[in-house]
Number of protein chains: 2
Amino acid sequence: MNKQQLIEQIKQKKSFLCVGLDTDINKIPQTLQAMDDPIFEFNKQIINKTAEYAVAYKPNTAFYEVYGAKGWQSLERTVQYIKNNHPEIFIIADAKRGDIGNTSANYAKAFFNSLNADALTVAPYMGKDSVEPFLNFEDKWVILLALTSNKGSQDFQYLKVGERMLHEQVLQTATTWASSEKMMFVVGATHPEELGEIRKMLPDYFFLVPGVGAQGGDLQSVAKYGLSKDCGLLVNSSRGIIYASNDYDFADRAGDEARKLQQQMETVLRDHQII
Amino acid sequence: MNKQQLIEQIKQKKSFLCVGLDTDINKIPQTLQAMDDPIFEFNKQIINKTAEYAVAYKPNTAFYEVYGAKGWQSLERTVQYIKNNHPEIFIIADAKRGDIGNTSANYAKAFFNSLNADALTVAPYMGKDSVEPFLNFEDKWVILLALTSNKGSQDFQYLKVGERMLHEQVLQTATTWASSEKMMFVVGATHPEELGEIRKMLPDYFFLVPGVGAQGGDLQSVAKYGLSKDCGLLVNSSRGIIYASNDYDFADRAGDEARKLQQQMETVLRDHQII
């Protein structure tokens, strides 16, 4: 998917919601657990009820790898299901890969060809030649970690390197590797003013924003500081949506939570005259 | 495996060789390619001929993920085969993972429980809470990226943060997270003098050293600068061993290359009075 297609989808659905498929077998309804592939079954029902409100899905690979080859199969089935039923939706493999060139080239094939995801999250520590192999695939995206939302982001990402902080240096350097047509950045929403500073630095790039709850309060400030003229945000919610209920009504309740977020996003997009 | 067991194995085998199982289906002998699981079959034969010279195997997950669930199965079979036939050998899943705590906890289960590897390579960018979940498994290890051997290591790892360079800061900070009984570091061998500086900083930690060819010249300087009183090194060779031949004799030739490196390592260990 290219940038224009993503922007069109955002405008059509009036949403910049990414639903995180961090599917934990211990948190899904008992009734599904006896099935042959409970994780895929859960995802399928979640997707059926949330797809009209979401522009992206983000399966996190750790939650699949924990079940080995069988888990990887659930991941493949999930991506295939989205591609078959909702081809307009942007699929992010949240895998945080990155290695020497030859190895990254294999990860790129794994996620862009074999799995058929549209985007992959990538860690920046190993530098340009660890990221470049992911940039050679048409209409596929790198989403590079810049500022993460966890406490540990304090350990290195805020270190001063010259005039800048490390995460700002990562952003600055990485924009010389790829344009906003091929690269996005993970920018946590813990301190929305920082998101504002980063938006000023990078007016054209999309940001994937994790760590926003289903409450809506956060969403207002993320939008205030993070929106670009084309929206430029994918805001992720995982647990708030997929575990809204762990009873028979889990999919309907997930749909309700996704719709609430979509409605808040619609308001925000109108307020900022993006739609 | 604990540190003492690893050191004993090094002394018994007179080797600190790690064989990288970066198995690429396009580089393995034609005769294997018609088999049901050519990657596992290749690995099995390589293991049979190299195990007496190696103290560690390091499958790189990218080379398995590129074949999806089937590739993951080849990886599981490979680890199982090593555990069943050479239980003394240290298995490193070279996966360079790292994510927020909850997600890292799932990666830890994936690699330490499901896959049963002894160690996992981990990326430092997301900080302490992204690494800690990997430290809660008895006799399992984190091998944290510090200084990598690729060209892109220049982009961020050498940035000055205060008095230190970023990779030195990563080393310094990470040693407050775990002792040398639980953590090792990836330290590239591109500039052996740097390895020497890092060894001075951290006399007790093991280093996993990639980027050493089968030529032996490199090995001399890596040993000179990197050895600790207990050896403290695992030196990896991948392509120089596993692709020594792509003909019917590939496993024998791999064994030859592994033996040559082991013999050089034996000399080095004697010269440094470690054995």
Provide a single number: the residues in region B:152-164 that are touching a strand residue (DSSP E or B) at 6+ places or on another chain (Cβ under 9 Å) and not in a helix (DSSP H, G or I).
6
Assuming residue B:149 fulfils every condition listed in (1) farther than 30 Å from residue A:72 by Cβ; (2) within 19 Å of the chain's Cα centre (by Cα); (3) modelled with pLDDT under 95 apart from one, which condition is it?
(1)
Any residue at all in region B:14-22 that's under 30 Å from residue B:180 (Cα atoms), surrounded by fewer than 17 Cβ atoms within 10 Å (Cβ to Cβ) and more than 16 Å from the chain's Cα centre (by Cα)?
no
Looking at region A:112-120, is at least one residue assigned to a helix (DSSP H, G or I), within 8 Å of chain B (Cβ to nearest Cβ) and either on the phi > 0 side of the Ramachandran plot or touching a helix residue (DSSP H, G or I) at 6+ places or on another chain (Cβ under 9 Å) (or both)?
yes
Would you check which residues across region B:173-184 are among the hydrophobic types (A, V, I, L, M, F, W, C) and away from chain A (no Cβ under 12 Å) and list them?
B:178, B:183, B:184
Contacts under 6 angstrom Cβ, first residue in region B:29-41 being on the phi < 0 side of the Ramachandran plot, partner among the basic types (Lys, Arg) and modelled with pLDDT of 95 or more, 6 or more apart
B:40/B:77
When region B:260-275 is checked residue by residue, the ones that are buried (at least 18 other Cβ atoms within 10 Å of the Cβ) and touching a residue at least 60 places away in the same chain (Cβ under 8 Å) are B:261, B:262, B:265, B:269, B:274
Residues of region B:96-111 being part of a loop (DSSP other than H, G, I, E, B) and of a type in the set (D, E, K, R), which ones?
B:99
Looking only at region A:150-163, filter to residues that are at the interface with chain B (Cβ under 10 Å from one of its Cβ atoms) and surrounded by fewer than 17 Cβ atoms within 10 Å (Cβ to Cβ); which one of those is farthest from residue A:95 (Cα to Cα)?
A:162
Pick out the one residue from A:181, A:193 that is modelled with pLDDT under 95, of a type in the set (Asp, Glu) and out of contact with any strand residue (DSSP E or B) (no Cβ under 6 Å at 6 or more places or on another chain).
A:193
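I'm trying to understand the selection: among the residues of region B:59-75, which are facing chain A (nearest Cβ under 10 Å) and touching a Leu at 6+ places or on another chain (Cβ under 6 Å)? Can you show your working first?
Within region B:59-75, the subset facing chain A (nearest Cβ under 10 Å) is B:60-75.
Correct list: B:64 only.
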Kindly establish whether residue A:170 is within 19 Å of residue A:95 (Cα to Cα), within 10 Å of another protein chain (Cβ to nearest Cβ) and either surrounded by fewer than 23 Cβ atoms within 10 Å (Cβ to Cβ) or among the hydrophobic types (A, V, I, L, M, F, W, C) (or both).
yes
Boolean, residue A:219 is under 16 Å from the mean Cα position of the chain (by Cα), over 26 Å from residue A:44 (Cβ atoms) and modelled with pLDDT under 95
yes
Residues of region A:229-248 satisfying the condition of being within 15 Å of residue A:24 (Cβ to Cβ) and among the hydrophobic types (A, V, I, L, M, F, W, C):
A:241, A:242, A:244
Does residue B:93 meet the test of being within 19 Å of the chain's Cα centre (by Cα), part of a loop (DSSP other than H, G, I, E, B) and within 28 Å of residue A:27 (Cβ to Cβ)?
no
Any pair with Cβ under 6 angstrom, 6 or more apart, that starts in region B:123-149 at a residue that is within 7 Å of chain A (Cβ to nearest Cβ) and assigned to a loop (DSSP other than H, G, I, E, B) and ends at one that is of a type in the set (Lys, Arg) and crowded, with 23+ Cβ neighbours inside 10 Å:
B:123/B:96
Among the residues of region A:263-271, is any among the aliphatic types (A, V, I, L, M), more than 19 Å from residue A:8 (Cα to Cα) and either assigned to a helix (DSSP H, G or I) or in contact with a Cys (Cβ under 6 Å, 6 or more places away or on another chain) (or both)?
no
Any pair with Cβ under 7 angstrom, 6 or more apart, that starts in region A:170-198 at a residue that is more than 13 Å from residue A:153 (Cβ to Cβ) and touching a residue at least 40 places away in the same chain (Cβ under 8 Å) and ends at one that is surrounded by fewer than 18 Cβ atoms within 10 Å (Cβ to Cβ) and charged (D, E, K, R)
A:177/A:132; A:180/A:204
Quickly run through region A:62-99 and pick out the residues that are crowded, with 20+ Cβ neighbours inside 10 Å, out of contact with any Lys or Arg (no Cβ under 8 Å at 6 or more places or on another chain) and not hydrophobic (A, V, I, L, M, F, W, C).
A:64, A:65, A:67, A:71, A:73, A:74
What number of residues within region A:186-211 satisfy the criterion of being assigned to a loop (DSSP other than H, G, I, E, B), buried (at least 24 other Cβ atoms within 10 Å of the Cβ) and among the β-branched types (Val, Ile, Thr)?
0
So in region B:225-259, with the set limited to residues that are part of a helix (DSSP H, G or I) and at pLDDT below 95, which one is surrounded by the most Cβ atoms within 10 Å (Cβ to Cβ)?
B:240
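Which ones in region A:104-122 are buried (at least 22 other Cβ atoms within 10 Å of the Cβ) and either among the hydrophobic types (A, V, I, L, M, F, W, C) or without any contact (Cβ under 8 Å) to a residue 12 or more places away in the chain (or both)?
Of everything in region A:104-122, those that are buried (at least 22 other Cβ atoms within 10 Å of the Cβ) and either among the hydrophobic types (A, V, I, L, M, F, W, C) or without any contact (Cβ under 8 Å) to a residue 12 or more places away in the chain (or both) turn out to be A:106, A:108, A:110, A:111, A:115, A:117, A:119, A:120, A:122.
The values are calculated or read from the model by the stated rules, or taken from the named source; none is laboratory data. Computed from a predicted structure; not experimentally measured. FYI the Cβ positions are ideal-geometry reconstructions off the backbone, even for glycines, and counts take in every protein chain you see.
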